[in-house]
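Input: a single structure, listed below in C-alpha cells.
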Amino acid sequence: MSEEKILKVLKDRSYFFDKGLCFECQRCGKCCTGEPGIIYVTPGEIEPIAKFLDISVDVFVERCLYPFQDSYSIREAEEGRCIFYENGCAIYPVRPMQCRSYPFWFQNLRSENMWRAVKKQCPGIGRGRRYSKEEILYFVGSSFHIFLKALQESSEK
Ligand code: SF4
C-alpha cells in the first residue's frame with residue numbers, strides 16, 4: 001500500500017484522540033537530547049536553516065549534517081544531544097518538520113498506552129491548548145515519511 005493510501009486509511013478511522021490532545025512544548029530539551037537518533041532534514045528545509053544561521057548551504061551541510069536516506073540528518077554532540085540544542089533550540093523558528101511535529105508522530109500515537117509512555121518523557125503533553133484530531137493527523141502525515149525512512153534504514157543494517 002502506498003504512503004498516500006495508508007494516510008487516507010488512517011484519516012477515516014476512529015482514535016483515542018478523536019477529541020484532541022493537549023500539548024505545549026516546555027522547551028525542556030528532553031526530545032533534543034538523550035538517546036542518539038535521526039534528526040531528518042528534508043531537502044527543502046536545508047536552505048532556510050542555512051539562511052537563518054547566516055552561513056552558506058555548503059558550509060551548513062558539511063559542518064552540521066550527515067547523509068541519511070534521500071537527504072540528511074543533523075549531527076549530534078555527545079550523548080545524542082542535537083548540535084543545535086544548547087539551553088534551547090538555536091534554530092527553533094526554522095526547525096525541521098520532524099521536530100515541529102513532535103510528539104504527534106505515528107509511532108507515538110499507535111495506541112493510548114504508547115502515548116502514555118511518551119507522556120512520561122515529554123512534560124509538554126497534557127498542557128496548553130488542545131490540538132484537534134485533524135491537526136494531529138496533519139502532523140502524523142507530515143512526519144510519517146521520516147518514520148518509514150528510519151524503518152528502511154534499520155532494516156538495511
Ligand atoms: S520533551 Fe516535550 S516539552 Fe520537552 S522540549 Fe521536547 S516537546 Fe518540548
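General observations
- Output for segment 118-145, where each listed residue is open to solvent by less than 40 Å² (accessible area, probe 1.4 Å), within 16 Å of the ligand (Cβ to nearest atom) and assigned to a helix (DSSP H, G or I): Val118, Ile136, Phe139, Val140, Ser142, Ser143
- The condition of being within 17 Å of the chain's Cα centre (by Cα), more than 16 Å from the ligand (Cβ to nearest atom) and not charged (D, E, K, R) holds for only one of Ser71, Ser101, Ser56, that being Ser71.
- A Cβ distance below 9 Å, combined with a sequence gap of six or more or placement on separate chains, defines the contacts here; from segment 146-157, residues that are acidic (Asp, Glu) reach residues that are surrounded by 11 or more Cβ atoms within 10 Å (Cβ to Cβ) in the pairs Glu153/Ile38; Glu153/Phe68; Glu153/Gln69.
- Some residue of segment 74-88 being touching a residue at least 60 places away in the same chain (Cβ under 8 Å) and either surrounded by 13 or more Cβ atoms within 10 Å (Cβ to Cβ) or within 21 Å of Ser143 (Cα to Cα) (or both): no
- Scan of segment 1-41 for residues that are closer than 19 Å to Arg116 by Cα, more than 9 Å from the ligand (Cβ to nearest atom) and of a type in the set (Phe, Trp, Tyr), ordered by number: Tyr15, Phe16, Phe17
- Boolean, Tyr85 is under 15 Å from the mean Cα position of the chain (by Cα) and in the same structural domain as Asp54 (by TED's automatic domain parsing): yes
The values are calculated or read from the model by the stated rules, or taken from the named source; none is laboratory data. Given the structure is predicted, the values throughout are model-derived calculations rather than measurements. Don't worry about glycine lacking a Cβ; one is built from the backbone with ideal geometry, like all the others, and counts go over all protein chains shown. We work out accessible area using only protein heavy atoms, side chains counted, and drop any ligands, DNA or RNA first. Shrake-Rupley method; radii C 1.70, N 1.55, O 1.52, S 1.80 Å.
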